[in-house]
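Take a look at the structure set out below.
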Amino acid sequence: MLTRPDVAIVGAGPVGLAIAWRCASRGLRVAIHDPAPGTGASHVAAGMLSPVAEAYFGERELTALLAESAARWPDFAADLAEAAGTGFGYRTDGTLLVGLTADDLAEACRLWAYQQGLGLPITLLRPSELRDREPALAPRVRGGAVAPGDHQVDPRRLVAALRIAAERAGAVWRPGAVGGLSEVDARVTVVAAGCGAAALTGLPIRPVKGQVLRLRAPGRGAPDFRHVIRGYADGESVYLVPRDSGEVVVGATVEERADTEVTAGAVLRLLRAAVDLVPELAEYDLVEASAGLRPGTPDNAPIIGALPGRPGVVVATGHHRHGIVLTPVTAELVTELIVSGEPAPLLAPFTPDRFVDTGAPAPASAIEEETCN
C-alpha cells in the first residue's frame, strides 16, 4: 500500500502522465491525482508536433524549446510504444503549409521567411510541387512550403498509452479532485493541471478556447491525403490532420473566453476553410464538434520549474497550444529536476519566478530537501 509518495502528480493529461511515467521508471513512488484523466485540453487537441509551423514572431526561446522537444519525440515514442505495448498514431509524413489566395500567400510568406531566418527546416514549393505531394489540394492554392520535420500523434491514444506505461512502471491512481495543494501529501508535488493550475498556484494561467471538428472519410477508409495541411484560406487559418483511422481533425479557433460551447459560426468558418483547401472534405461525415480550453500564459510560453515560496512544489503547465509537442522535454526536465534538485539550463526562460515577485528566486534546496535520490 502506497502511503506517502515521493512524487504526487496533480493532473493526468499527457504532460502529467509522462512525468508520472518517467519518475516511476526512475524508481520513485508516484501517485497521480485526477478525477477524469485525459478529459482536458488533450481530448480536443489535434496532436501536431510542429516546431516549424508553430514558430511565431517574437517567440525565439519558445521556438528553441519546441525544436528540442520535437527532436526528442522519436526516442520518446519508441520508449513509450515498448513500455505500453500499443501504438498512438505517431506519424512522420511531414506538414504542408499553403496559401489559397495571393493575399493568403503573401501573409504566409512573411512567416515562412522568418522561420527560414531562424534556420528551421522549411522549403518553399510551387503550386505544382504542392499538388505532386498532395493531389487532393484545391487547384486554386497559390503556393506553399513543406516542413518535413513537423509530425503528428493522436492525443487520445497518447493519453491511453501513457496511462498504461505509468501504471506498469508502478504509478498509482488517486481519483479524487484536488481543491488545494495542502490536500496532497508527498515529498514533491507536481502541478500539471492545465487551466486548473491557476487556482492551485496563483500563477497567471488563463483559459483560451479552441473549437475543433472531426470528420470521417466515406467508407471509413484512410483520407486521400497523408500530410498534415496547415494554411490560410481567404484569411482564415486552418489545419487538417489525417489519421489512419479515416478521421480528419479540422481546427482550430483561438478565443479569449472560458466556455466550451460549440458555435455555428466557428463550425461554418472551419468547414469553409477546410473545403476550400481540400474540396473532397465536403463529402466526409461530420462526426464530432467540440471545444476545449488551452492553458495560456501572458507570454504564451509554458511555466515549468520550482514554485517560489512553496518548497517541494513543481509546476508544469501553461503549454497553451504546444502541450503535445512539449510533452517529452517537459517530462524529462521535470523528472531530472525532481531527482537531482538542479534545474537544467534549458528551463531558465520558463520558470515560474518570472511571474512571482518574491524578492529572490526559490533556492535549489527547496527541491533537494523534498526528493528521494
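The values are calculated or read from the model by the stated rules, or taken from the named source; none is laboratory data. Treat the numbers as computed from the prediction; the structure is a model and nothing was measured. Virtual Cβ from ideal backbone geometry, glycine too; neighbours counted across all protein chains shown. Areas reflect the complete protein model, heavy atoms only, side chains present, ligands, DNA and RNA absent. Shrake-Rupley method; radii C 1.70, N 1.55, O 1.52, S 1.80 Å.
Things to note:
- Computed FRET value (nearest 0.05) for residue 110 with residue 224, which takes r as the C-beta separation and R₀ as 30 Å: 0.45
- Measuring r between the beta carbons of residue 300 and residue 102 and using R0 = 25 Å, the FRET efficiency lands at 0.30.
- Efficiency of FRET from Cβ geometry, residue 199 and residue 3, R₀ 30 Å, rounded to 0.05: 0.65
- Neighbour cut-off at most 13 other Cβ (10 Å), DSSP loop, GluC sites (Glu not before Pro), region 223-271: 256, 261
- Formal net charge of residues neighbouring residue 317 (Cβ-Cβ distance under 13 Å; K, R +1; D, E -1): +2
- Simple point charges give the picture: +1 on the Cβ of Lys and Arg, -1 on the Cβ of Asp and Glu, and for the chain a dipole about the Cα centre of about 400 debye.
- For the chain, the solvent-accessible area works out to 40 Å² per residue, with a probe of 1.4 Å and every protein chain left in place.
- Extension gain from residue 236 to residue 140, taking 0.36 nm per residue of separation minus the Cα-Cα distance: 33.0 nm
- Alpha-carbon Rg/Rh ratio, for the chain, with Rh computed the Kirkwood way: 0.98
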